[in-house]
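**Q** If you scroll down you'll find the structure; I have some questions about it.
The values are calculated or read from the model by the stated rules, or taken from the named source; none is laboratory data. Computed from a predicted model, the values in this text were never measured in an experiment. When we count neighbours, we look across all protein chains shown, and the Cβ atoms used for this are built from the backbone with ideal geometry, even at glycine. Surface accessibility is based on the protein's heavy atoms, side chains included, excluding ligands, DNA and RNA. Shrake-Rupley method; radii C 1.70, N 1.55, O 1.52, S 1.80 Å.
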Amino acid sequence: MEKLKISRAIIVEGKYDKIKLENIIDGLIITTEGFGIFRNAEKKAYIRKLAEERGLLIITDSDSAGFMIRNHLRGFVREEYIANAYIPQIKGKEKRKSSPSKEGTLGVEGVESKLIIEALRKSGALDMGEKKPRDIIYKSADLFNLGLTGGENSKAKKEKFVKLLGLPTHISTNALIKYMNTADETEIKTALEKINE
């Protein structure tokens, strides 16, 4: 398989995630050393510099720890420099581990390569061609109007919607809106139709 060329700096949690991605991607891959990034000022400065020079692509596990790390990165890197790739939440454990993670889901190192490639495609980081203008640009009010926030059964609808899109349930409303505005419009429309079935 030919490796995917990505010019953005790719941020992952640990060394096993990095090893997995090195088999798929031709690019610069940086680890946060899990929560180590929280207290490593030197690495934060390096990541901030990379973000300004080439942009970041963040791909963390789909558990709450992965989202804490994503949110921490957004605390010191400007949002305009960040693209996000989300792996689906899949129950299981990595082969090298004796027991599953706290939440019982696979991390980046454990999911199939084809799912990582799909997550990268959905992030927009692989789009080398001209982007055509979108018909719809979603805003937070649209999610309310679609019944995904702020209403009766909106939590269940949002969970069904993100599951249909193959996104983790931990995704925030703002991150979901950003995803909806970069993903394939047909995919979004199909998922919206199915949540009301």
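**Q** Scan the range 131-171 residue by residue and report those that are closer than 25 Å to residue 111 by Cβ and in contact with a helix residue (DSSP H, G or I) (Cβ under 8 Å, 6 or more places away or on another chain). First the steps, then the outcome.
**A** Initial filter on the range 131-171 (closer than 25 Å to residue 111 by Cβ): 158-171.
Listed by number, the residues that qualify are 158, 160, 161, 162, 164, 165, 166, 167, 168, 169, 170, 171.
**Q** Then there's this: Taking the options 190, 182, name whichever one is in contact with a Gly (Cβ under 6 Å, 6 or more places away or on another chain) and open to solvent by 50 Å² or more (accessible area, probe 1.4 Å). Break it down into steps so the answer makes sense when it comes.
**A** Working: 190 fails: in contact with a Gly (Cβ under 6 Å, 6 or more places away or on another chain).
Matching residue, one of 190, 182: 182.
**Q** Additional query: Just to verify a result, which residue in the range 54-66, among those that are open to solvent by 20 Å² or more (accessible area, probe 1.4 Å) and either in contact with a Lys or Arg (Cβ under 9 Å, 6 or more places away or on another chain) or without any contact (Cβ under 8 Å) to a residue 24 or more places away in the chain (or both), is farthest from residue 170 (Cα to Cα)? Reasoning before the result, please.
**A** Residues of the range 54-66 that are open to solvent by 20 Å² or more (accessible area, probe 1.4 Å), as a first pass: 54, 61, 63-65.
Remaining after also requiring either in contact with a Lys or Arg (Cβ under 9 Å, 6 or more places away or on another chain) or without any contact (Cβ under 8 Å) to a residue 24 or more places away in the chain (or both): 54, 63-65.
Details: 54: 27, 63: 7, 64: 7, 65: 10 Å.
Selected residue: 54.
**Q** While we're looking at this one, here's another question. On the given criteria, is residue 65 in a helix (DSSP H, G or I), hydrophobic (A, V, I, L, M, F, W, C), touching a Phe, Trp or Tyr at 6+ places or on another chain (Cβ under 7 Å) and at pLDDT below 95? So that I can check it myself, show each step before the final result.
**A** On the way: in a helix (DSSP H, G or I): yes; hydrophobic (A, V, I, L, M, F, W, C): yes; touching a Phe, Trp or Tyr at 6+ places or on another chain (Cβ under 7 Å): no; at pLDDT below 95: yes.
Considered against the rule, which asks whether it is in a helix (DSSP H, G or I), hydrophobic (A, V, I, L, M, F, W, C), touching a Phe, Trp or Tyr at 6+ places or on another chain (Cβ under 7 Å) and at pLDDT below 95, residue 65 comes out as no.
**Q** Only one of (1) open to solvent by 30 Å² or more (accessible area, probe 1.4 Å); (2) within 20 Å of residue 5 (Cα to Cα); (3) at pLDDT below 90; (4) not in a helix (DSSP H, G or I) fails for residue 109. Which number is that?
**A** The failed condition is (3).
**Q** Being open to solvent by 20 Å² or more (accessible area, probe 1.4 Å) and without any contact (Cβ under 8 Å) to a residue 60 or more places away in the chain is the filter here; which residues of the range 154-171 pass it?
**A** Just the residues of the range 154-171 that are open to solvent by 20 Å² or more (accessible area, probe 1.4 Å), to begin with: 155-160, 163-164, 166, 169-170.
Answer for the range 154-171, where residues must be open to solvent by 20 Å² or more (accessible area, probe 1.4 Å) and without any contact (Cβ under 8 Å) to a residue 60 or more places away in the chain: 155, 156, 157, 158, 159, 160, 163, 164.
**Q** Turning to a different aspect of this structure: In the range 1-49, which residues are within 13 Å of residue 70 (Cα to Cα) and of a type in the set (S, T, N, Q)?
**A** Scanning the range 1-49 gives 31, 32.
**Q** I'd like to know if the range 3-16 contains one or more residues that are in contact (Cβ under 8 Å) with a residue 12 or more places away in the chain and in a helix (DSSP H, G or I). Steps first, answer last, please.
**A** Filtering the range 3-16 down to residues in contact (Cβ under 8 Å) with a residue 12 or more places away in the chain leaves 3-16.
Adding the requirement that they be in a helix (DSSP H, G or I) leaves 15-16.
Checked the range 3-16: at least one residue is in contact (Cβ under 8 Å) with a residue 12 or more places away in the chain and in a helix (DSSP H, G or I).
**Q** Could you tell me whether residue 95 is outside any loop (DSSP other than H, G, I, E, B), out of contact with any Phe, Trp or Tyr (no Cβ under 7 Å at 6 or more places or on another chain) and either in contact (Cβ under 8 Å) with a residue 40 or more places away in the chain or surrounded by fewer than 15 Cβ atoms within 10 Å (Cβ to Cβ) (or both)?
**A** Values: outside any loop (DSSP other than H, G, I, E, B): no; out of contact with any Phe, Trp or Tyr (no Cβ under 7 Å at 6 or more places or on another chain): yes; either in contact (Cβ under 8 Å) with a residue 40 or more places away in the chain or surrounded by fewer than 15 Cβ atoms within 10 Å (Cβ to Cβ) (or both): yes.
Judged against the criteria, residue 95 is not a match.
**Q** Kindly state which helices (runs of 4 or more DSSP H) lie completely within the range 131-197 and contain at least 2 residues that are of a type in the set (Asp, Glu) and within 19 Å of residue 86 (Cα to Cα). Walk me through how you get there before you give the answer.
**A** Numbers: elements: 140-145, 154-164, 173-180, 185-195.
Per the criteria, 185-195.
**Q** For residue 15, which of the numbered conditions (1) farther than 24 Å from residue 113 by Cα; (2) open to solvent by 70 Å² or more (accessible area, probe 1.4 Å) fails to hold?
**A** Here residue 15 clears every test but (1).
**Q** Another one. I'd like to know if the range 24-40 contains one or more residues that are more than 18 Å from the chain's Cα centre (by Cα), in contact (Cβ under 8 Å) with a residue 24 or more places away in the chain and surrounded by fewer than 18 Cβ atoms within 10 Å (Cβ to Cβ).
**A** There is at least one residue in the range 24-40 that is more than 18 Å from the chain's Cα centre (by Cα), in contact (Cβ under 8 Å) with a residue 24 or more places away in the chain and surrounded by fewer than 18 Cβ atoms within 10 Å (Cβ to Cβ).
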